[in-house]
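S.K.: One structure follows; several queries about it will come next.
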Amino acid sequence: MSLRLIAVSVILMGVGFVVPAPMLAQAVYGSIFGTITDLSGAAIVGAEVTITSVQKGTEFHATSNTAGNYEVTHLIPDQYDLRAEAPRFKIFESSRIPVFADQAIHIDVRFQVGGAREIVTVSAKDVPLLKTDRPDMATNFDEKAVGLLPLFNRNFTALQLLTPGAQKFIWQHARSENPQGGLQITISGQHFGGTSFQLDGTDNYDPILGIIVINPTLESVTQTKSRRRTMMQNLGSRCPQ
């Protein structure tokens, strides 16, 4: 199984990124989903779920369906508090859940019988780190990490070198055709033209030269994500076959 793509994602001054072009709609946002059951495993229908942004205080609401499933999408990268409640059960709370762009956080809720004033609190540390909703491997860097990394010449595209199997290509584009100074880097032997970039959810890739168009300053980056994956058939528009 070959790894065909690395995508570097960037959020500038709020929200945004760099991922495979066919995934523009989801590139900027994250989501939280899961299943709500009682201790016996029976699905709880109609449970009310409230997701609150720790930084902004904005709330998002969802209701569990007949299978007990819920989902809250289009979450701007932040930490979120989750609260779930239903009649005859204790309130379930989980605080400071980290949500990154283009990432779905799986949190199942298990209700315990009790009064509405009783609360069961679960630590966000219990959120599973293994991603099961898609076949990719990703590395996220927040604003602090990007600012502290010892990157040569403070070049954003050098972040690709933190990906396993990455190395600079044997030659680089001339300054006349690459004034933004983006580095040409191969991943696991794949030509650098197989790397896709997005910036704030917009395609940031030169299809002719195979390089980044806007090379952002590190000071403007609030989050970046490097992702490599085995491309599925419906997402293979930029992968050489």
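S.K.: Two-decimal Rg/Rh of the stretch 30-126 from alpha-carbon positions, Kirkwood Rh?
M.R.: That ratio is 0.95, to two decimals.
S.K.: Right, here's the next one. Sort Glu177, Glu85 so the one with the fewest other Cβ atoms within 10 Å of its own Cβ comes first.
M.R.: Ordered from fewest to most neighbouring Cβ atoms within 10 Å, Glu177, Glu85 come out as Glu177, Glu85.
S.K.: Oh, and also: If I stretch the segment between Val45 and Ile208 completely, what's the gain in nm (0.36 nm per residue apart, minus their alpha carbon distance), one decimal?
M.R.: Numbers: separation 163, 0.36 × 163 = 58.68 nm, distance 5.21 nm.
Net length gain for the segment: 53.5 nm.
Values quoted throughout were computed directly from the atomic coordinates according to the rules given, and no laboratory measurement underlies them. Source: prediction; values computed, not measured. So basically every Cβ, Gly included, is an ideal-geometry build from the backbone, and we count neighbours across all protein chains shown.
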